[in-house]
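Computed from the coordinates by the stated procedures, all read-outs in this text should not be read as laboratory data. Since the model is a prediction, treat every value here as computed from it, not as a measurement. So basically every Cβ, Gly included, is an ideal-geometry build from the backbone, and we count neighbours across all protein chains shown.
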Amino acid sequence: MGKTIRICPKCKKPSLKPAYNVSGWLAPDMFRCEECGYIGNFYLEVEPEEYLKFQKYLRDKEEDEHSQ
Ligand SMILES: [Zn+2]
């Protein structure tokens, strides 16, 4: 229905950009993550609302790890 956000499967950041091959041509269905350098055609796609929940989940998880 609404606009979805593509998330990097590696670092979970919405930093995926279309990937270009060495000739500078657009590689179909390939994405590159500006955050961690991931390149591939696999990505996670979520609703903006889901992404906010996901970010909160990651924050909570991080806080748990820091408090141990
Ligand atoms: Zn990434």
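A few notes on this one:
- Exposure proxy order (Cβ contacts within 10 Å, fewest to most) of Lys13, Lys56, Lys3: Lys3, Lys56, Lys13
- Burial ordering of Ile7, Ile39, fewest other beta-carbon atoms within 10 Å first: Ile39, Ile7
- Added length on full extension, which subtracts the Cα-Cα distance from 0.36 nm per residue, Glu35 to Arg6: 9.1 nm
- Helix axis angle, 48-67 relative to the chain longest principal axis, alpha carbon, degrees: 60
- Under 11 Å, Cβ to Cβ, from Lys13 - net charge with Lys/Arg +1 and Asp/Glu -1: +1
- 16 Å tail of the calculated P(r), the chain, as % of Cα pairs: 55
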